[in-house]
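Engineer: First, the structure itself, so that you have it in front of you.
The values are calculated or read from the model by the stated rules, or taken from the named source; none is laboratory data. Note that this is a predicted model, so its numbers are computed, not measured. Don't worry about glycine lacking a Cβ; one is built from the backbone with ideal geometry, like all the others, and counts go over all protein chains shown. Remember, those area values only see protein heavy atoms, side chains included, never the ligands or the DNA or RNA. Shrake-Rupley method; radii C 1.70, N 1.55, O 1.52, S 1.80 Å.
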Amino acid sequence: MNRTKINILLKAAAPDDNVLLKGWVRTRRDSKDFSFMEINDGSCLKNIQVIADSDLNNYEAVKKITTGSAVAVTGSLIESPGRGQKWEIKAQNVEIISIAPDSYPLQKKRHTDEFLRTIAHLRPRTNKYGAGFRIRSELSFAIHRFFKEKGFKYIHSPIITGSDCEGAGELFRVTTFDRGVPQSQEKQPGYTEDFFGAETYLTVSGQLAAEMFALALGDVYTFGPTFRAENSNTRRHVAEFWMVEPEMAFCDINGNMDLGEEMIKYLVACLLEECPEDIELFARFVDKKLMAVLDNIVKSDFVRIDYAEAIDILKKTKRKFEFPVKFGTDLQTEHERFLTEHYFKKPVIVINYPKTIKPFYMRLNDDDRTVAAMDVLVPGIGEIIGGSQREERFDVLQARMQATGVDPQNYWWYLDSRKYGTAPHSGFGLGFERLLMLVTGISNIRDVIPFPRTPGNIEF
RNA sequence: UCCCCAGUAGCUCAGUCGGCAGAGCGAGUGGCUGUUAACCACUAAGUCCGCGGUUCGAGUCCGUGCUGGGGAGCCA
């Protein structure tokens, strides 16, 4: 007999006198002539209650089953006479697969996130983290579904790279040398003797690769791991995270904003539809305002304003900011959050930033002082999407590279795309973990990634 | 990297003015019970984060290091 997963059992329409379930014991309570066991197999948030009668031939062993133990139960799915659940299992046989010793760290009570981080290998067995990682899985598939429905092609951009892409953040070096790159007498790095014969890093973005493929396949996206060696220590940063990066040919900044807004709404609506129980756990125990936030995202139109307008709003408000507001400086976290959380109280897309604070590949506007950049800001998180229309004009791009200290020779292949059949195109990057934080209300990014990598932390 | 806060039983925490190390939960044992993070009783469980200092005496005060959290910067 094949095992039936608990999410299927709990959705049963009728009793079934012959089922097999396998899972882990969340709690066990003894009664006079039988024992109650709550079993969870990870297929859904809910446990199923098993009644183990004292006439089971191994009842003495069953009474020693502990929290965390693995069991296989054959029996009947019957309507529960007790309150609190519709269905339960009357066991005919309880096979004890393994007993968890009393050192099992997960107790039948709430633990702090900080403690659970120290047992990251066990935390998916808790309700909250199980729900979080089921949502992570659903959200991944929803992203692929969204792009597939819109006719995008999925591109696997390289993880090992020879270019530092947009010069975003510190890079992790990749080498086969035992102790890093050897230095010769003249202090010249010996990269030529290394595996690739050149300096090599872990990627910080798949954007440049995606651009090349957008100019061939039309609409494409990447969805994969990226790496930053920044010594960032905040609840919003990790060294290894996943990014979604769509790139569209023949698309300007407006089409880019449309896609970003449509995508976020689609993904939130999907989760509300497909993971209502898991989302509800977060709405009840993690963030009381979660449902209102998600509802707001799905129903309201995102505000679209110019960077210059944003600066005006920030200057006019009575609110005091730690950092001064003036045209030409980037918006600080406090500014972004003021705009989206207090002023507009919904997602905001800010466009047309000064060129001086944005990278070379963003398209120069006609005013010659701003670029067609866009940031999507959401309540609670701040910036969740950063993107732009790309500079498709060869001469302008080359000039912008030189102006920002990027050597065009290192990007000859990127410039080639502007030489041969160049066309307007746009794209953006969305931090997958930040999106997860938004939809779950989880406030620390380390809690939405299975084994988070942060400075000084690589235990698991 | 900078600023602020914290570190006491397996977990969550209290510990007053510097004077015998505590509670709840969890665990173990026993009892009771169609129970719902059950309930009742008993038992075990401590490098008070490390190092140094002040003091007759330090969980408590001082210095320093480490770890964790929050905020900032960098960014997604």
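Engineer: Nearest 500 deg cm²/dmol is fine: what mean residue ellipticity at 222 nm does chain A get from its DSSP H runs of n ≥ 4 alone, each adding -39,500 (n - 2.57), divided by its residue count?
Structural biologist: My calculation for chain A gives -8500 deg cm²/dmol from helical runs alone.
Engineer: How large is ³J(HN,Hα), in whole Hz, for each residue of segment A:404-416 in order, when computed from phi with the Karplus curve 6.51 cos²θ - 1.76 cosθ + 1.60 and θ = phi - 60°, using x for Gly and Pro?
Structural biologist: In residue order, the calculated couplings are 9, x, 9, 7, x, 4, 6, 10, 4, 6, 5, 5, 4 Hz.
Engineer: Give the long-range amide H neighbours of A:K153: residues separated by 5 or more places, or on another chain, with amide H under 5 Å away, using H modelled in the peptide plane at 1.01 Å from N.
Structural biologist: A:D219, A:V220, A:Y221
Engineer: Based on alpha-carbon centroids, what's the gap between segment A:403-448 and segment A:207-248 in Å, whole number please?
Structural biologist: If we compute the Cα centre of each part, the gap is 5 Å.
Engineer: Determine by what factor the alpha-carbon radius of gyration of segment A:304-433 differs from 2.2 N^0.38 Å, reporting the quotient.
Structural biologist: Here the answer is 1.16, to two decimals.
Engineer: Antiparallel as a % of all DSSP beta bridges within chain A, to the nearest 5? Please report the intermediate quantities before stating the final value.
Structural biologist: Values: 67 of 77 bridges.
Expressed as a percentage, antiparallel bridges in chain A total about 85.
Engineer: Run through every distinct alpha carbon pair of segment A:61-133 and return the Kirkwood hydrodynamic radius in angstroms, one decimal place.
Structural biologist: Hydrodynamic radius (Kirkwood, Cα pairs) of segment A:61-133 is 14.6 Å.
Engineer: For the pairs A:K318/A:K346; A:K355/A:K419; A:K5/A:K63; A:K299/A:K326; A:K108/A:K288; A:K315/A:K345, flag any whose C-alpha to C-alpha distance is greater than 26 Å.
Structural biologist: On the way: A:K318/A:K346 20 Å; A:K355/A:K419 23 Å; A:K5/A:K63 24 Å; A:K299/A:K326 33 Å; A:K108/A:K288 23 Å; A:K315/A:K345 18 Å.
Violating the 26 Å Cα-Cα cut-off are A:K299/A:K326.
Engineer: Which order, highest average first, do A:254-264, A:48-58 follow once you tally other Cβ atoms within 10 Å for each residue and take the mean per peptide?
Structural biologist: A:254-264, A:48-58
Engineer: Using a 1.4 Å probe, what is the accessible area per residue for segment A:6-98, in Å²?
Structural biologist: Roughly 50 Å² per residue, with all protein chains present.
Engineer: Further question on the same structure: Averaged per residue, what accessible area in Å² does segment A:100-164 show with a 1.4 Å probe, protein chains only?
Structural biologist: Per residue, segment A:100-164 has an accessible area of 56 Å².
Engineer: How are the Cα pair distances of segment A:6-98 distributed, in percent, across 10 Å bins from 0?
Structural biologist: 18, 57, 25, 1
Engineer: Further question on the same structure: Place the peptides A:443-450, A:382-389, A:358-365 in order of packing, highest mean first, counting for every residue the other Cβ atoms within 10 Å and averaging per peptide.
Structural biologist: On the way: A:443-450: 19.1, A:382-389: 22.8, A:358-365: 21.2.
In decreasing order of mean packing, A:443-450, A:382-389, A:358-365 become A:382-389, A:358-365, A:443-450.
Engineer: Then there's this: Calculate how steeply helix A:307-316 sits against the longest principal axis of the alpha-carbon atoms of chain A, using the helix alpha-carbon long axis, and give the answer as 0 to 90 degrees to the nearest 10.
Structural biologist: Once rounded, one gets 80 degrees.
Engineer: How large is the charge dipole for chain A, taken about the Cα centre, if only the Cβ atoms of Lys, Arg (+1) and Asp, Glu (-1) carry charge, to the nearest 20 debye?
Structural biologist: The calculation lands at about 1500 debye.
Engineer: Still on this structure: Would you compute, for the Cα atoms of segment A:279-334, the largest minus smallest coordinate along each principal axis and list the three values in descending order, in whole Å?
Structural biologist: So the extents along the principal axes, rounded to whole Å, are 42, 25, 19.
Engineer: Let me ask something else about it. Could you give each residue of segment A:14-22 its phi-based ³J(HN,Hα) in whole Hz, using Karplus coefficients 6.51, -1.76, 1.60 with θ = phi - 60°, and x for Gly or Pro?
Structural biologist: Each residue's phi maps through the Karplus curve to give 8, x, 8, 8, 8, 10, 10, 10, 10 Hz.
Engineer: Averaged across orientations, what area in nm² does the convex hull of the alpha carbons in chain A project?
Structural biologist: The Cα convex hull of chain A, projected and averaged over all directions, gives 28.1 nm².
Engineer: Let me ask something else about it. Skipping prolines and chain starts, which residues have an amide H placed within reach, meaning under 5 Å, of the one on A:I159, given they are 5 or more residues away or on another chain?
Structural biologist: Here the answer is none, since no amide H 5 or more places off falls under 5 Å of that of A:I159.
Engineer: Could you run the Karplus curve 6.51 cos²θ - 1.76 cosθ + 1.60 with θ = phi - 60° over segment A:235-252 and give me ³J(HN,Hα) per residue in whole Hz, x for Gly and Pro?
Structural biologist: Couplings: 6, 10, 10, 9, 7, 10, 8, 9, 10, 9, 9, x, 9, 10, 6, 6, 9, 9 Hz.
Engineer: Please work out how much accessible surface A:F172 shows to a 1.4 Å probe, ignoring ligands, DNA and RNA, in Å² rounded to 10.
Structural biologist: Surface open to solvent at A:F172 totals about 70 Å².
Engineer: On the accessible surface of chain A, probed at 1.4 Å, how many percent belong to carbon and sulfur atoms?
Structural biologist: The nonpolar share, carbon plus sulfur, comes to 50 percent.
Engineer: On a C-alpha basis, how far is the centre of segment A:340-397 from the centre of segment A:110-142 in Å? Whole number, if you could?
Structural biologist: When both Cα centres are located, 34 Å separates them.
Engineer: Report, in degrees rounded to the nearest 10, the 0 to 90 angle that the Cα long axis of helix A:253-274 makes with the longest principal axis of chain A.
Structural biologist: Helix A:253-274 and the main axis of chain A meet at about 0 degrees.
Engineer: Can you give me the Cα centroid spacing of segment A:15-92 and segment A:279-327 in angstrom?
Structural biologist: 47
Engineer: Considering amide H positions built from the backbone, and no H for Pro or chain starts, which residues 5 or more places from A:E391, or on another chain, come under 5 Å of its amide H?
Structural biologist: Amide H to amide H, under 5 Å and 5 or more residues apart or across chains, A:E391 pairs with A:M362, A:R363.
Engineer: Order the following by accessible area, largest value first: A:K32, A:K265. Probe radius 1.4 Å; ligands, DNA and RNA are ignored.
Structural biologist: Sorted by accessible area, descending: A:K32, A:K265.
Engineer: Hey, what's segment A:369-420 come to in accessible area per residue, 1.4 Å probe, Å²?
Structural biologist: Accessible area per residue, segment A:369-420: 40 Å².
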